[in-house]
Every structure is written in structure tokens, then in C-alpha cells.
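Chemist: Structure provided below as C-alpha cells; questions to follow.
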Amino acid sequence: MGRSVRRSLLLGALCVAWVHALAGQPRPGADAGPSPAEVARRSTVLARVANGGVTVTVGEFEDLLNDAPPSIRQSYSDPARRREQLESLVNTMLLAEEGRRRGLERDPDVAARIRRTLAQRTERTLILEAITPEGVTDTEVASWYQAHLSDFQQPEFRRATALFTADRAAAEAALVEVRRARMNLQRVRELVRERSVDEPSRSHEGDLFYFRREGMVSTGDGRVDPALAQAVFALAREMDATAPVAVAGGRFAVAVLTGRRPALDRPLRDPDVGRSIRGFIVRQRREDRRTELLESLRARLHPELHEDRIDALRLPPTDLGSLPVLEPDHNHGP
């Protein structure tokens with residue numbers, strides 16, 4: 001085996017050993033006060049290496065197996081697979097001990113991997129495992145639902161293109177042309193530009209955007225004439241046109257239905273609603289906890305950044321051509 005291959009194996013073994021060591025730490029949320037019999041069972045030594053200096057207990061090995069994905073964990077019901085995994089763990093620990101004997105824990109690559117492992121484990125312990133959906137109460141879910149009611153309860157919205165005229169006769173003539181255009185929305189827009197007397201709507205080709213039955217628009221403070229809105233909501237299909245509608249200011253309008261946004265009704269009793277709200281709350285709490293944790297660590301550890309020295313970095317050019325540049329992961333440093 002070449003020196004570089006041996007070195008890679010030892011580097012990997014050292015990092016895996018750190019993961020194993022961290023996996024044996026107590027987990028937040030675990031059942032408090034196990035029975036003496038359970039403590040004795042989990043404390044039973046399963047394997048020893050380094051002349052007994054490093055041990056693996058039943059509890060540590062059990063946790064390691066239970067952390068595996070379900071498809072792999074299922075295979076551990078076979079005693080032979082459990083023995084195989086234990087042998088693999090012992091081999092990893094032997095390689096790790098040899099790495100320590102050779103001083104590889106001081107290798108920059110190993111140090112970087114250990115830092116990443118510790119950062120990930122710290123985040124998992126203090127954030128991911130400490131803040132879970134089970135910790136969100138029904139009262140908090142109900143409060144969040146009421147505070148974001150528009151995300152779950154909305155009336156139907158419709159969109160239309162309207163042509164305004166000064167009198168009914170002009171509206172009747174425009175309706176004939178609109179119906180002749182049939183499904184050609186581009187032609188309807190041309191008619192708006194040619195004939196509409198309403199400058200605000202004509203400036204965007206008659207588009208009234210989305211509005212409710214009573215005329216309130218989905219965004220902004222604008223409002224569609226209530227009579228025209230009611231006429232649009234009476235249409236059965238997209239690209240249907242209203243008859244001439246008398247609107248404010250003594251004018252008339254013809255509108256074409258161009259879009260629908262169905263009503264939204266997701267009650268709190270819907271289990272999917274509760275799960276999604278818990279997910280939102282947990283994500284926000286985790287983000288807040290992470291921010292608080294990093295602020296406290298900065299206050300305690302006083303990190304120094306010499307940004308003026310970044311220009312001294314030497315990065316060789318790549319041959320990626322026009323491939324998009326990937327954004328770096330800022331969650332964990334090297």
C-alpha cells in the first residue's frame with residue numbers, strides 16, 4: 001500500500017473516530033432517569049482497543065447503529081451484520097489510534113475535518129435536536145395561524161382586460177370587435193390601445209390585474225369598479241367577455257376574463273396545516289437560536305478577521321467555461 005493511500009485511510013479513520021466519539025454523548029430530549037438495569041446494560045463494554053485505553057460500550061454501538069438510515073438499519077436485525085459492523089468500527093479505531101501515534105491529528109487536513117465535524121455536531125446538539133416540532137404547542141400553532149391568516153384563507157381572485165368607452169354605443173361596437181377577436185388576447189389589447197378612453201388602464205393595455213368580487217385588487221390600493229367586478233365574476237370561462245357595463249363617471253366598459261385564482265380555504269383543523277405551521281416555527285426558532293449562539297460565541301471568543309489580507313490569496317484559474325458559479329456554504333468554515 002502506497003504512502004498516500006495509507007495517509008488517506010488514516011485521515012478518514014481519525015475523522016470517523018471523532019464522529020463515533022461524539023455520537024456517544026448524551027442527546028437532548030432523551031428519556032431522563034433510566035433504570036439502573038438499563039444503565040448497566042448500556043455501560044457494558046463491547047470492545048477494547050489500545051490496550052484497553054479506548055472502549056466501545058453497548059450503548060454507544062447501539063446509538064451508532066440506530067443513526068443509520070432505515071434501509072441500512074433494517075439489515076442490522078441480522079446478528080452477522082451487527083458483528084460485521086462492530087469489526088469495522090474496531091478497525092476504524094485501530095487506524096485512528098495509529099494515526100494519533102504518528103501525530104496525524106496535527107495534520108491540517110485532519111484538523112479541518114475535525115473542526116467541521118465538531119461544528120456540525122454542535123449545531124445538531126444545540127439547535128436541530130434542541131428545537132423540534134414536538135416542542136411547538138397547539139396554542140402557538142393557533143396564534144401563528146391567526147397572524148398569517150391570509151396564507152390559509154383567501155377569496156377567489158379574477159383577472160381581466162377592460163376597454164372603457166364614453167358611451168354605451170361605443171361599448172356595444174367595441175364588444176362586437178372583442179367577440180370577433182375570440183381567443184386572441186393580443187388583438188383585445190390592440191383594441192384597448194385604439195379605443196379605450198381610460199388612460200390609467202390603457203397604459204398597461206387594459207390589464208386590471210387580479211381583484212376580488214367586490215373590486216379590491218390583490219396588491220396595492222387600487223380598486224376595480226364594483227359593477228364591472230361583479231360582471232367579470234359572472235363569466236363562466238376565460239376569454240369570455242362581459243356585456244357593456246355602466247361604471248363610475250358616466251362611462252361604460254367591456255371586460256374579458258383572462259385569469260382565475262381559486263379561493264383558498266385551509267382550516268386549522270387540517271393536519272397538514274398544523275404540520276406546515278410547526279415546520280415554519282421550528283425553522284424560525286432554529287435560525288434565531290443559531291444567530292444567538294454565534295453572537296454569544298463571538299462575544300466570548302473575540303474572533304479576528306483580517307479582510308485586508310484576502311487579496312493575498314492565490315487561487316488557480318479554472319476551466320469551467322460558462323458554467324454558473326456555485327455559491328459557497330457559509331454555514332461551516334474549514
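Chemist: What residue, among those in the range 143-166 that are of a type outside the set (D, E, K, R) and assigned to a loop (DSSP other than H, G, I, E, B), is nearest to ARG269 (Cα to Cα)?
Modeler: PHE152
Chemist: Ok, one more. Which numbered condition trips up ARG113, out of (1) touching a residue at least 12 places away in the same chain (Cβ under 8 Å); (2) under 15 Å from ARG289 (Cβ atoms); (3) assigned to a helix (DSSP H, G or I)?
Modeler: (2)
Chemist: Sticking with this structure for a sec: Where residues in the range 196-211 are assigned to a loop (DSSP other than H, G, I, E, B) and without any contact (Cβ under 8 Å) to a residue 40 or more places away in the chain, which of them is surrounded by the most Cβ atoms within 10 Å (Cβ to Cβ)?
Modeler: If we take residues in the range 196-211 being assigned to a loop (DSSP other than H, G, I, E, B) and without any contact (Cβ under 8 Å) to a residue 40 or more places away in the chain, then SER196 is surrounded by the most Cβ atoms within 10 Å (Cβ to Cβ).
Chemist: Check off (1) under 23 Å from ARG48 (Cα atoms); (2) free of Cβ contacts under 8 Å to residues at least 12 places away in the same chain for LEU104 and give me the number that stays unchecked.
Modeler: Checking LEU104 against (1) under 23 Å from ARG48 (Cα atoms); (2) free of Cβ contacts under 8 Å to residues at least 12 places away in the same chain, the one that fails is (2).
Chemist: Now, a different point. From the list ALA166, ALA171, which one is closer than 14 Å to VAL254 by Cβ, at pLDDT 95 or above and touching a Pro at 6+ places or on another chain (Cβ under 8 Å)?
Modeler: Residue meeting the stated conditions: ALA171.
Chemist: Please find, among ARG189, ARG180, ARG193, the residue that is at pLDDT 95 or above, in a helix (DSSP H, G or I) and loosely packed, with under 14 Cβ neighbours inside 10 Å.
Modeler: ARG193 is the lone residue from the list that is at pLDDT 95 or above, in a helix (DSSP H, G or I) and loosely packed, with under 14 Cβ neighbours inside 10 Å.
Chemist: Answer yes or no as to whether THR122 is of a type in the set (Ser, Thr, Tyr), free of Cβ contacts under 8 Å to residues at least 24 places away in the same chain and closer than 30 Å to PHE280 by Cβ.
Modeler: yes
Chemist: Identify all residues within the range 212-229 that are over 30 Å from the mean Cα position of the chain (by Cα) and part of a strand (DSSP E or B); write none if there are none.
Modeler: Correct list: MET216, ARG223.
Chemist: Looking at (1) out of contact with any Asp or Glu (no Cβ under 8 Å at 6 or more places or on another chain); (2) over 21 Å from GLN154 (Cβ atoms), which is the one condition that is false for TYR210?
Modeler: Going through (1) out of contact with any Asp or Glu (no Cβ under 8 Å at 6 or more places or on another chain); (2) over 21 Å from GLN154 (Cβ atoms) one by one, TYR210 breaks only (2).
Chemist: In addition: Mind listing whichever residues of the range 247-285 are closer than 30 Å to GLU172 by Cβ, crowded, with 16+ Cβ neighbours inside 10 Å and not charged (D, E, K, R)?
Modeler: Matches in the range 247-285: VAL247, PHE252, ALA253, VAL254, ALA255, VAL256, LEU257, THR258.
Chemist: Can you tell me which of GLN74, GLN85 is surrounded by 15 or more Cβ atoms within 10 Å (Cβ to Cβ), out of contact with any Cys (no Cβ under 7 Å at 6 or more places or on another chain) and polar (S, T, N, Q)?
Modeler: Answer to the selection: GLN85.
Chemist: Listed residues THR122, THR55, THR92; which is under 30 Å from ARG290 (Cα atoms) and of a type in the set (Ser, Thr, Tyr)?
Modeler: Residue meeting the stated conditions: THR122.
The values are calculated or read from the model by the stated rules, or taken from the named source; none is laboratory data. All values reported here derive from a predicted model rather than from experimental measurement. Quick reminder, even Gly has a Cβ in these numbers, built from the backbone with ideal geometry, and neighbours come from all protein chains shown.
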